[in-house]
Amino acid sequence: MPSIKAKPPSTHHFIMDRDDRNRNNTIGKNFMCRLQCMFSQSPQCSESRLSLEDTQQWSQSLERLLDSKYGLATFRNFLKSEYSDENIEFWLTCEDYKKIKSSFRMSSRAKKIYEQFIKAESPKEINIDYHTREQIKRNVKTPTMHCFDEAQKIVYGLMERDSYPRFLRSDVYRTLLESLAADATKG
């Protein structure tokens, strides 16, 4: 029977860790640049820049994250990278739906939302129970601004318990925080 001998630590492993850290730092800076380009009108506009304090506040609650234009964009990109963006897309679509004033437009939009997110086997089917799905199916026949409220609450809860904690542990978020912290210390 061969004896098991401990191998000395490899310096190759430490070099890879440093390379990974450098790569993540670059990813964080690139992501910050993309976010700022998406929202900034001019590079001199400092109040619209992404800050460390704002980014740290995203970890306080899902609501804080979604209230931030950068937070929402970052969260959406994270979910898209995991192929699980149907919940945030549904939630945002419902928020827009609630702003509709025209009953004709509301009816048309409700049917589209049902076809896209609610109907079984739909392209972006959300994870809701049968009872809620059937209730929405009935509601869509005579839609109101509240016909998706129950499904929206369920989806928000799912994001709060699942997607949001995964986001906070993600390399994207941690790297963004590290990059902003490094920039803050440089002044």
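Please enumerate the residues belonging to the range 147-187 that are touching a residue at least 40 places away in the same chain (Cβ under 8 Å) and not in a helix (DSSP H, G or I).
148, 170
Go through (1) of a type in the set (Gly, Ala, Ser); (2) surrounded by fewer than 16 Cβ atoms within 10 Å (Cβ to Cβ); (3) part of a helix (DSSP H, G or I) one by one and return the number of the condition residue 122 breaks.
Evaluating residue 122 over (1) of a type in the set (Gly, Ala, Ser); (2) surrounded by fewer than 16 Cβ atoms within 10 Å (Cβ to Cβ); (3) part of a helix (DSSP H, G or I) leaves (3) as the failure.
List every residue pair whose Cβ atoms sit under 7 Å apart, with the two residues 6 or more apart in sequence or on different chains, where the first one lies in the range 88-114 and is in contact (Cβ under 8 Å) with a residue 12 or more places away in the chain and the second, anywhere, is of a type in the set (Ser, Thr, Tyr) and open to solvent by less than 90 Å² (accessible area, probe 1.4 Å).
91/156; 109/97; 113/93; 113/97
For (1) open to solvent by 80 Å² or more (accessible area, probe 1.4 Å); (2) touching a helix residue (DSSP H, G or I) at 6+ places or on another chain (Cβ under 6 Å); (3) of a type outside the set (S, T, N, Q), each residue gets a yes or a no:
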residue: 147; (1), (2), (3): no, yes, yes
residue: 155; (1), (2), (3): no, yes, yes
residue: 159; (1), (2), (3): no, yes, yes
residue: 165; (1), (2), (3): no, no, yes
residue: 169; (1), (2), (3): yes, no, yes
residue: 175; (1), (2), (3): no, yes, no
residue: 179; (1), (2), (3): no, yes, no
residue: 184; (1), (2), (3): no, yes, yes
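Please count how many residues of the range 135-145 are open to solvent by 50 Å² or more (accessible area, probe 1.4 Å) and without any contact (Cβ under 8 Å) to a residue 40 or more places away in the chain.
Residues in the range 135-145 being open to solvent by 50 Å² or more (accessible area, probe 1.4 Å) and without any contact (Cβ under 8 Å) to a residue 40 or more places away in the chain: 6 in total.
Among the residues of the range 88-109, which ones are within 19 Å of residue 156 (Cα to Cα) and assigned to a helix (DSSP H, G or I)?
Residues satisfying the conditions are 88, 89, 90, 91, 92, 93, 94, 95, 96, 97.
Checking the structure you have, find out if any residue of the range 81-90 is of a type in the set (S, T, N, Q), open to solvent by 60 Å² or more (accessible area, probe 1.4 Å) and at pLDDT 50 or above.
Taking every residue of the range 81-90 in turn, at least one turns out to be of a type in the set (S, T, N, Q), open to solvent by 60 Å² or more (accessible area, probe 1.4 Å) and at pLDDT 50 or above.
Can you tell me which residue among 150, 160, 134 is in contact with a Ser or Thr (Cβ under 6 Å, 6 or more places away or on another chain), of a type in the set (Asp, Glu) and modelled with pLDDT of 95 or more?
Unique residue meeting the criteria: 150.
Filter the range 91-115 down to the residues that are among the β-branched types (Val, Ile, Thr) and either more than 15 Å from residue 142 (Cα to Cα) or open to solvent by 40 Å² or more (accessible area, probe 1.4 Å) (or both) and list them by number.
Of everything in the range 91-115, just one residue is among the β-branched types (Val, Ile, Thr) and either more than 15 Å from residue 142 (Cα to Cα) or open to solvent by 40 Å² or more (accessible area, probe 1.4 Å) (or both), namely 93.
Are there any pairs, at least 6 apart or on different chains, whose C-beta atoms fall under 6 Å, with the first in the range 68-82 and among the charged types (D, E, K, R) and the second open to solvent by less than 70 Å² (accessible area, probe 1.4 Å), and if so, which?
69/39; 76/88
The values are calculated or read from the model by the stated rules, or taken from the named source; none is laboratory data. Source: prediction; values computed, not measured. Note: ideal-geometry Cβ built from the backbone for every residue, glycine included; neighbour counts use all protein chains shown. What goes into the accessible areas is simple: the full protein's heavy atoms, side chains included, and nothing from ligands, DNA or RNA. Shrake-Rupley method; radii C 1.70, N 1.55, O 1.52, S 1.80 Å.
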